[in-house]
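Right, one structure below, let's go through it.
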Amino acid sequence: MTDDPVLRESSEPPAVGELTPPDRTLMGPGPSDVHPRVLRAMSTPLVGHLDPSFVEIMDEVQELLRYTFRTDNEWSIPVSGTGSAAMEAAIGNVVAPGDTMLVPTNGYFGGRMAEMARRAGGDVVEVDAPWGEPLDPADVEDALATHEPDVFGFVHAETSTGAKQIDVPALTEAAHDHGALVIADSVTSIGGVELRVDEWGIDVAYAGPQKCLSCPPGASPLTLNDRAMEKVRAREEPARSWYLDLSLLDDYWGDERAYHHTAPITNVYALREALRLVAEEGIESRWERHLEMAGALKAGMEAMGLGLNPADEYWLPSLNAVRVPDGVDDGAVISTLLEDYDIEIASGLGDLEGDIFRIGCMGYSARPENVIYVVNALGETLERLGAEVDAEAGRTATLDAL
């Protein structure tokens, strides 16, 4: 035996009890509540990542992704990782060293696009718009003409501001006229907000599973058209990330099904079931449900006396940026909702930190009982904290809208 107290103590097994996380109502910017069928899918037996049965599941997931993205792209896969992994796979493969990428300044995730492009060896230029507003197609056209970028990226549903990019075809047409590939961030739109990859001329789109798809993070949607994949395969030097190198993943997710890495089997099961739910509901019906549920939430907020940050024209139903009343500590409200109601919402990011609550209405969380619950709880909490709101009017407006 050793007399070293550090070694002796480290040999003792840790006293850790059973896993008992709280049962929250997830109404923040993600994750959303997970559908019970998705949870059940995750508890099914594990198979190998090259097992013939799993190869069949891979095919099914790809076909379901094509349906959900509204694309015929052969190259539609779940990236092994969170939504940021899909984002880095898209940017890190399509942006080669020396390429110029045009990125937006109108939200937090445009800034993340810029950072990933720089790390890929690209030169970043910007098209400006205020936080909480969409890009103006005329400004995009001017930036494209000035910089002639190789790649143009935009955020379809900006999670940090609650604003939706409108007139996407105008952006993609302008980019293509200048020879640029288009990458779209659809993390907070896929499965909840109208998104038409092929019809809108998007070359690459990435997403996360934990928002409108109501699936745990771990296998994240990505789709590239032939033009984008041709550029990936023609790179003079490989992508800087071996793990996310799409030319290598092509051998695993393509026809060969050759080993690259051990896929997150259980997460792929979960994504398959989440996408099955999308297909059963019907993608357009699902978009309509999100609009209806978020509309009731919005009606309740406005009747209570709380405005939404973005204008109605580009309001993002899946992520509602509700203005914090004057004199109210947003952190105190968020903590009270978590501690007293088991409801999760979030504060603002970046330029909007402290100015907004971010309230999600996504996937399995976009149900009448959840919307009513969060409107009631927020109204009660704000009144308790001395805010000048009309909680009863908020409740009534929400119920009327439903």
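Okay, here's what the table says:
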read-out	value
Selected residue [crowded, with 16+ Cβ neighbours inside 10 Å, over 26 Å from residue 33 (Cα atoms) and modelled with pLDDT of 95 or more] from 192, 295, 218, 201	201
Failed condition for residue 332, given (1) touching a residue at least 40 places away in the same chain (Cβ under 8 Å); (2) of a type in the set (Gly, Ala, Ser); (3) in contact with a helix residue (DSSP H, G or I) (Cβ under 8 Å, 6 or more places away or on another chain)	(3)
Any hit, the stretch 44-53, residues being in contact with a strand residue (DSSP E or B) (Cβ under 7 Å, 6 or more places away or on another chain) and among the acidic types (Asp, Glu)	no
Output for the stretch 38-71, where each listed residue is charged (D, E, K, R) and either in a loop (DSSP other than H, G, I, E, B) or assigned by TED's automatic domain parsing to the domain that holds residue 294 (or both)	51, 70
Residues satisfying the stated conditions in the stretch 209-219, i.e. within 9 Å of the chain's Cα centre (by Cα) and within 17 Å of residue 265 (Cα to Cα)	209, 210
Number of positions in the stretch 294-307 that are in contact with a strand residue (DSSP E or B) (Cβ under 7 Å, 6 or more places away or on another chain) and more than 13 Å from residue 394 (Cβ to Cβ)	1
Any pair with Cβ under 9 angstrom, 6 or more apart, that starts in the stretch 31-56 at a residue that is under 29 Å from residue 258 (Cβ atoms) and ends at one that is exposed (fewer than 12 other Cβ atoms within 10 Å of the Cβ) and among the polar types (S, T, N, Q)	47/53; 48/262; 49/262
Every residue from the stretch 114-159 that is crowded, with 24+ Cβ neighbours inside 10 Å and more than 17 Å from residue 189 (Cα to Cα)	117, 122, 127, 149, 151, 152
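Results for (1) at pLDDT 95 or above; (2) farther than 16 Å from residue 55 by Cβ; (3) crowded, with 21+ Cβ neighbours inside 10 Å; (4) not β-branched (Val, Ile, Thr), shown as yes or no for each residue.
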| residue | (1), (2), (3), (4) |
| --- | --- |
| 256 | no, no, no, yes |
| 259 | no, no, no, yes |
| 266 | yes, yes, no, no |
| 270 | yes, yes, yes, yes |
| 274 | yes, yes, yes, yes |
| 283 | yes, yes, no, no |
| 291 | yes, yes, no, yes |
| 303 | yes, yes, yes, yes |
| 306 | yes, yes, yes, yes |
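The values are calculated or read from the model by the stated rules, or taken from the named source; none is laboratory data. The shown structure was predicted, so the numbers you read here are calculated from the model rather than taken from an experiment. In this analysis, Cβ positions are derived from the backbone assuming ideal geometry, glycine residues included, and neighbour counts consider all displayed protein chains.
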